[in-house]
Amino acid sequence: MGLGVKFNLVLLGAFAIGLAIAAALAYQVVQANARAEVLAHARIMMANAIAVREYTATEIRPLLGTGREGVFLPHVVPSFAAQSNFRRMADEFPEYAYKEAALNPTNPADRATDWEADIIRAFRQDPAQAEIVTERDTPSGRSLVLARPLTVDDASCLDCHSTPEAAPAAMVATYGPSNGFGWELGETVGAQVVSVPMALPLERAWTKFLVFVGTLTVVFVTVAVLINVLLNALVIRPVVKLSRMADTVSLGKMDAPEVTHASQDEIGALAAAFNRMRRSLETALRMLGG
């Protein structure tokens with residue numbers, strides 16, 4: 001096995017190890033960046049929903065009333081306003097979702113699914129937990145879920161959700177007396193749940209990863225070619241030339257020309273030492289023959 005082959009095997013092994021380490025780190029970085037991007041979008045959606053809720057509670061509800069006047073308008077309910085606003089956006093971005101899920105909602109459409117109920121129970125078990133971030137598989141692909149608790153922190157909420165008798169008659173007539181009652185002050189009754197698709201950010205992350213690995217491979221191939229050219233020109237060819245000259249001299253052919261090497265490096269020093277040895281050998285042979 002030649003010197004060039006051995007050198008390239010070592011170089012290839014070093015590249016393979018380096019590429020594996022770099023690829024593993026790069027994959028983790030691009031995946032983390034993709035998840036951070038999706039989470040940022042989810043937080044923006046959550047902030048928008050909270051803004052709609054607050055606007056409805058402070059600006060719309062005082063104008064339209066609470067339903068005790070004989071007419072109940074769901075538009076005054078902050079959760080209804082936030083979810084209705086989001087449904088308009090969902091017409092254009094159907095993969096995105098926002099829901100105010102509850103275990104015992106006034107509107108049956110807000111009833112929590114199994115996985116949403118698990119999130120609500122997690123908030124109940126740990127009241128100090130302000131946020132849950134998780135991932136789940138959906139028919140349209142993997143989604144990131146951001147959830148925040150909905151807690152009864154205002155006694156005025158119990159005006160509509162304590163008992164059917166205490167609630168506005170118009171609201172009871174709209175939704176019935178079976179749902180959305182029995183809430184207690186300080187109780188976590190539901191959760192704001194935002195779902196954001198991860199397919200596109202993950203696809204972009206994978207593309208960036210492939211570009212990085214491809215670029216690294218191209219750089220390695222370019223460097224390897226340059227190193228091989230230099231190795232062949234500066235080491236292998238001079239060594240081969242010295243090897244052939246040594247074979248010639250070992251056969252007693254002293255009339256062969258001396259080895260020339262212009263560079264003042266280790267190969268040049270070796271060529272000069274070989275020429276001195278050859279001259280010394282030639283002198284010794286003449287003395288023995290003389």
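Every number here is computed from the coordinates shown, using simple stated rules; none is lab data. Fair warning: this is a prediction, and the values are worked out from it, not measured in the lab. All Cβ positions, even for glycine, are placed from backbone atoms using ideal geometry, and neighbour counts span all protein chains on display.
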Length released on extending from Met89 to Thr283, taking residue separation times 0.36 nm less the Cα-Cα span: 60.1 nm
When percent of Cα pairs over 37 Å apart is calculated directly from the model, which label among (i) 19; (ii) 50; (iii) 13 fits? (ii)
Environment charge at Pro74 (Cβ cut-off 14 Å; Lys +1, Arg +1, Asp -1, Glu -1): +1
Could you give the length gained by full extension between Gln31 and Val221, i.e. 0.36 nm per residue of separation minus their alpha carbon distance, to one decimal place? 65.7 nm
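Classify the range 36-198 from the C-alpha gyration tensor, please: rounded if a/c falls under 1.5, else prolate or oblate depending on whether a/b exceeds b/c.
Taking the square roots of the gyration eigenvalues as a ≥ b ≥ c, the range 36-198 is prolate.
Once you keep just the Cα pairs under 8 angstrom separated by 6 or more residues, what percentage relative contact order results for the range 36-198?
On the way: 258 pairs, mean separation 48.9, N = 163.
Rounded, it is 30 percent for the range 36-198.
Taking other Cβ within 10 Å of each residue's Cβ, how do Glu95, Glu131 sort, fewest first? Let's see the in-between values first.
Details: Glu95 16, Glu131 13.
Taking fewest neighbouring Cβ atoms as first place, the list is Glu131, Glu95.
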Just subtract the alpha-carbon distance of Ala117 and Asp159 from 0.36 nm times their residue separation and send over the number in nm, one decimal. 12.7 nm
